[in-house]
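The values are calculated or read from the model by the stated rules, or taken from the named source; none is laboratory data. Everything numeric here is computed off the predicted structure, so don't read it as measured data. Virtual Cβ from ideal backbone geometry, glycine too; neighbours counted across all protein chains shown. Protein only, heavy atoms only, side chains kept; ligands, DNA and RNA dropped before computing areas. Shrake-Rupley method; radii C 1.70, N 1.55, O 1.52, S 1.80 Å.
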Amino acid sequence: MRIVSICPSNTEILYYLGLHEHVVGLDDHSDWPLEWQHLPRVGPDLTIDMERVAALQPDLVVASLSVPGMEKNVEALQALGLSHIVLNPQRIGEIAADIRLVGEATGFHKQAEQLAAHFDERIESIRQQTASCTQRPKLYWEWWPNPIYTPGQANWLTDVSEIAGAVNVFSDFPVANVKATREMVQERDPDHICVVWCGIELKRIKRETITSRPEWSQMTAIQKDQVHLLEEGLYCRPSSRILDGLEQLVKLIHT
């Protein structure tokens, strides 16, 4: 079977399922795992070159709707008649379901069931670990700095916050993504600022970009120096790697 992934989180699920010899192409942003970095690339995940995809003669393309704008990739796959599945998890509980979907589409049912069950077990284990936490710190997640985008209630990072024994300060917005302002963040006065700029390497993000914002000078997170620059691959991608991010977050906010 020849498989092309056109979204980083899909690539990570395929890797966890052990589909090493079947994956023949990736989108440009799939930077994990390292073992697959030699594979042919088919363009950025928002502007996939479908001619390159078709040239790889895939039996299956694993597409996504996890980022606004990916709809046109799905439309192009339909127009070309390329066999594909579309993953679109919003909440953390849907990730296990997508793992099973990929397993069904690729014939790796057993591996998918084992991985999905393990995913759910690790979540429950972390949830039990933080259930006794008396303090539930307020977290502000920053997807993007200008304009500010942050996850709302209908997003897996709200679930991640809750499982980690904390609260997403924008969980009162019943949407997946919130376009916010610095003043809105200031009003919520988070205990921790978690910076996970989508598609931006950690080394390119400067702490001063956050700490020097004048509107935030008196916020608790700034005053207590609880500004965390985090690897976006562990938080912004709905794959099994988010569990590693969860465990890292627990240590960060409860020690």
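Below are the figures for this structure:
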| read-out | value |
| --- | --- |
| Accessible-area value, residue 171, 1.4 Å probe, nucleic acids and ligands omitted, Å² | 30 |
| Which of 20, 84, 38 is most accessible, then next, and so on - probe 1.4 Å | 38, 20, 84 |
| Cross-link reach list, aspartates and glutamates versus residue 203, counting only Cα pairs under 20 Å and skipping chain neighbours closer than eight places | 28, 31, 142, 225, 231, 232, 244 |
| Apportionment of accessible area to carbon and sulfur, the chain, percent (1.4 Å) | 50 |
| Accessible surface, per residue, of the chain when the full set of protein chains is kept, probe 1.4 Å, Å² | 46 |
| Distance from segment 152-203 to segment 1-73 (C-alpha centre basis), Å | 28 |
| Exposure of residue 16 as accessible area (Å², to 10), given a probe of 1.4 Å and all protein chains | 80 |
| Neighbour cut-off at most 10 other Cβ (10 Å), DSSP loop, GluC sites (Glu not before Pro), segment 1-48 | 21 |
| Links that overshoot a 23 Å alpha carbon limit, given the list 179/224; 138/251; 224/251; 138/179 | 179/224 |
| Packing-based order for 202-209, 92-99, 118-125, 59-66, using average beta carbon neighbours within 10 Å, highest first | 59-66, 92-99, 118-125, 202-209 |
| Karplus 3J(HN,Hα) series, Hz, for segment 248-255 with 6.51 cos²θ - 1.76 cosθ + 1.60 (x for Gly, Pro) | 5, 5, 4, 5, 5, 9, 10, 10 |
| Under 15 Å, Cβ to Cβ, from residue 213 - net charge with Lys/Arg +1 and Asp/Glu -1 | -3 |
| Exposure ranking of 198, 7 by accessible area [1.4 Å probe, largest first] | 198, 7 |
| Nearby aspartates and glutamates by direct alpha-carbon distance to residue 110 (threshold 17 angstrom, same-chain neighbours under 8 apart not counted) | 98, 120, 121 |
| Neighbourhood charge, 15 Å Cβ-Cβ cut-off, centred on residue 185 and excluding it, Lys, Arg +1 and Asp, Glu -1 | -2 |
| Estimated vicinal HN-Hα couplings, Hz - segment 57-66 in sequence order (Karplus 6.51, -1.76, 1.60; Gly, Pro = x) | 6, x, 7, 8, 10, 9, 9, 8, 10, 6 |
| Largest to smallest accessible area among 144, 216 [probe 1.4 Å] | 144, 216 |
